[in-house]
Amino acid sequence: MTPENGISARFAGPVGDFRLDVVFSAPAIGVTALFGPSGCGKTTVLRCIAGLHRIRDGHLAFAGETWQDAAHFRPAHTRPIGYVFQEASLFAHLTVRGNLDYGRTRALASGREEKLQFDEVAGLLGLDRLLDRTPANLSGGERQRVAIGRALLAQPRLLLMDEPLSALDRASRDEILPYLERLRDQLAIPVVYVSHDLAEVERLADHLVLMRAGRVDAAGPLDALQSDPALPIARLPEAGVTLRAAVAGHDEAYGLTVLRLNGADLMVPGRFGEIGTPLRIRVTASDVSLARQPTAETTILNVLSARIVGFAAQDPYQVMAVVALGENGRGARLLVRVTRRSWETLGLSTGQTVFAQIKGVAVVTGAGSG
Amino acid sequence: MIWTPVLLTLKLAAVSTAVLLVLGTPLAWWLARSRVWWKEAVAALVALPLVLPPTVLGFYLLIALGPNGPGGVLAAAWGARSLAFTFAGLVIGSVVFSLPFVVQPIRNAFEAIGDRPLDVAATLGASPLDRFLTVAIPLARPGLLTAAVLGFAHTVGEFGVVLMIGGNIPGKTQVLSIAVLEMVETLQWRQAHLLAGGMVVFAFAVILAVSLIERRSREQRP
């Protein structure tokens with residue numbers, strides 16, 4: 001988490017017709033998502049990190065090296081980065097192999113260590129059968145996989161991805177997401193991932209930088225930002241939290257898997273790997289309700305004791321509450337969307353012990369690093 | 001001898017095309033990529049031969065290449081008096097005259113590539129020169145091909161400028177178009193027919209080739 005090892009960035013200045021003014025740092029491991037609505041300056045920040053855009057008043061350091069300050073600006077081609085653009089942007093005059101080799105040969109010629117072998121990357125991204133084809137003969141998803149492979153083979157120490165899924169149709173997106181998860185779990189390269197899609201960010205990111213209108217709203221670990229009821233992401237209809245869990249057991253008779261997370265065990269329908277398998281799960285704020293007494297007679301599988309640790313009024317009629325699981329109130333945090341009527345009728349407030357009734361849990365997939 | 005002007009014309013066109021590509025490609029790159037406001041003034045200067053009468057262009061070239069112009073100073077370096085009425089003078093004249101036909105298609109091709117492939121190449125560790133040679137040039141290949149064909153053909157077809165600065169010296173400056181004029185004036189109709197007919201076939205082949213190149217490059221664009 002120390003900025004000396006990760007990224008420390010400050011960019012300020014006019015870009016087109018708006019002003020960019022961002023300061024943030026990101027850890028040296030895991031996926032940091034730059035998240036915000038379209039046109040908030042995310043891509044410009046990424047281009048500044050890559051050295052493709054030079055903003056007058058900027059400072060950028062990565063792993064203790066200064067890439068930009070008042071006196072210096074390292075041009076893009078000398079920065080040890082990989083960049084995946086929104087559109088695959090393959091070189092039309094080269095085959096898939098030629099595209100993959102373009103950055104690789106230059107990285108090796110400049111003395112960079114070959115940490116990622118050609119065959120390893122081709123295998124990881126399923127490119128083996130495409131090598132002799134030209135970009136014109138690939139599907140959208142295949143093209144983007146080649147673009148990711150090309151960026152990885154440039155032996156980057158920092159991988160930058162600019163909405164790599166947004167130009168794809170749903171099928172291609174579902175095809176690529178598992179590859180991105182494998183990248184995150186198997187390679188020790190820090191990633192800065194630009195996206196305006198919350199589901200994508202929750203699936204991939206460990207760390208979040210929330211942007212709005214050229215500024216940083218908040219930055220921090222994904223779960224910490226998700227469970228802050230005052231941030232704009234808590235106002236989204238699909239607001240919720242992503243939590244790390246591990247498989248703790250199976251109930252074969254009822255076809256359930258028991259997941260252990262910080263402060264509680266959850267039961268989810270279906271079978272999700274052997275005992276000990278790490279998973280990411282998501283609990284949507286509107287899928288949780290609160291009760292002051294444990295209700296014995298309910299069809300809801302998961303009724304967990306918790307403590308209210310914070311709340312914020314979302315509008316005159318709704319309250320977003322944050323509860324921490326476990327009786328001591330130190331476990332994983334959930335967001336709960338409650339009507340103001342219920343909130344006041346039950347006399348809820350911070351510090352109270354309650355029972356969180358969880359109607360649905362989505363298993364997102366592998367847990368990721370960190 | 002009927003072949004002498006034909007060979008001289010082909011030699012002139014080949015040398016001019018080579019010079020045009022070497023000079024025109026960097027110039028087109030600069031016109032396509034630069035953001036200075038006066039680049040359109042340079043572009044207009046390059047395009048002047050499109051509208052100037054060849055005699056006007058030839059007149060100024062004659063002065064420039066003559067003993068008192070910069071061409072004469074240059075010629076003095078290797079002991080000649082003037083570049084006018086020489087093969088070297090013809091090449092210079094042809095290059096100036098055909099420059100817009102070469103620069104325009106290359107510039108269009110470079111502009112059509114856009115920033116993205118060059119940005120990609122930069123993030124993959126390619127220096128500016130590397131990007132130009134390994135990304136811009138290969139992607140602009142149809143434009144370069146069109147430019148070469150047009151430059152060659154336009155040089156073959158020129159008349160006025162050559163007459164002004166080269167005169168009509170058989171074997172030295174008497175190119176095809178001027179040979180036809182002389183044959184007609186001296187009533188050698190059969191030979192005039194041969195040369196003129198050959199030119200028509202050649203011109204047709206060139207125009208067909210250019211449109212085929214352009215169609216292919218359109219089909220290849222993903």
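Derivation of every value follows stated rules applied to the coordinates shown; laboratory data play no part. All values derive from a computational prediction rather than experimental measurement. Every residue, glycine as well, gets a Cβ built from its backbone with ideal geometry; the counts of neighbours run over all protein chains shown.
Below, the figures for the structure above:
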{"read-out": "For segment B:1-121, convex hull of alpha carbons as volume per residue, Å³", "value": "155 Å³"}
{"read-out": "Residue B:211/residue B:36 FRET efficiency (R0 60 Å; Cβ-Cβ; nearest 0.05)", "value": "0.95"}
{"read-out": "Principal-axis tilt of helix A:170-186 within chain A, Cα atoms, nearest 10 degrees", "value": "90 degrees"}
{"read-out": "Hull shadow area, averaged, segment A:7-234 [alpha-carbon convex hull, nm²]", "value": "12.4 nm²"}
{"read-out": "Rounded to 10°, Cα long-axis angle of helix A:96-109 versus longest principal axis of chain A", "value": "80 degrees"}
{"read-out": "Which of A:172, A:166 has the fewest Cβ neighbours within 10 Å, and the rest in rising order", "value": "A:166, A:172"}
{"read-out": "Estimated distance in nm for a label pair at residue A:131 and residue A:174, the labels positioned 7 Å out from Cα along Cα-to-Cβ", "value": "3.1 nm"}
{"read-out": "Three semi-axes of the equivalent ellipsoid, segment A:240-365, Cα gyration tensor, whole Å, largest first", "value": "27, 14, 13"}
{"read-out": "Neighbourhood net charge (9 Å Cβ-Cβ; Lys/Arg +1, Asp/Glu -1) for residue A:154", "value": "+4"}
{"read-out": "Compactness relative to 2.2 N^0.38 Å, alpha carbon Rg of segment B:80-127", "value": "1.95"}
{"read-out": "Of the DSSP H helices in chain B, those whose Cα atoms cover at least 24 Å axially and whose Kyte score averages -0.5 or more", "value": "B:3-33, B:87-113, B:189-220"}
{"read-out": "Burial ordering of B:110, B:85, fewest other beta-carbon atoms within 10 Å first", "value": "B:85, B:110"}
{"read-out": "Average other protein chain Cβ within 10 Å of Cβ, residues A:92-102", "value": "3"}
{"read-out": "Shielding by partners, peptide B:114-122 (average Cβ within 10 angstrom, other chains)", "value": "6"}
{"read-out": "Pair residue A:59, residue A:246: separation of 7 Å Cα→Cβ label points (nm)", "value": "4.1 nm"}
{"read-out": "Overall dimensions of segment B:25-82 by Cα: Rg and Dmax, Å", "value": "15.4, 43"}
{"read-out": "Using a Förster distance of 41 Å, the FRET efficiency for residue B:7-residue B:129 (Cβ separation, nearest 0.05)", "value": "0.65"}
{"read-out": "Largest to smallest principal axis extent of the C-alpha atoms in the protein assembly as shown, angstrom", "value": "118, 49, 47"}
{"read-out": "Order of B:98, A:8, A:89, A:139 - criterion: other Cβ atoms within 10 Å of each residue's Cβ, fewest first", "value": "A:139, A:8, A:89, B:98"}
{"read-out": "Directionally averaged shadow of segment A:173-232, computed from the convex hull of its alpha-carbon atoms, nm²", "value": "4.6 nm²"}
{"read-out": "Cα-based helix-to-principal-axis angle, A:140-153 vs chain A, degrees rounded to 10", "value": "70 degrees"}
{"read-out": "Net +/- balance of residues flanking residue B:42 in space, Cβ distance below 14 Å, scoring K and R +1, D and E -1", "value": "+3"}
{"read-out": "Average other protein chain Cβ within 10 Å of Cβ, residues A:76-87", "value": "4"}
{"read-out": "Label-point separation in nm, residue B:190 to residue B:202, each point 7 Å along Cα→Cβ", "value": "2.2 nm"}
{"read-out": "Calculated on alpha-carbon atoms, Rg and Dmax of segment B:159-198 in Å", "value": "10.0, 28"}
{"read-out": "Taking only Cα atoms of segment B:82-222, radius of gyration then Dmax in Å", "value": "19.9, 67"}
{"read-out": "Hypothetical label at residue B:87: residues of segment B:148-172 whose amide nitrogen lies under 11 Å (7 Å Cα-Cβ projection)", "value": "B:171-172"}
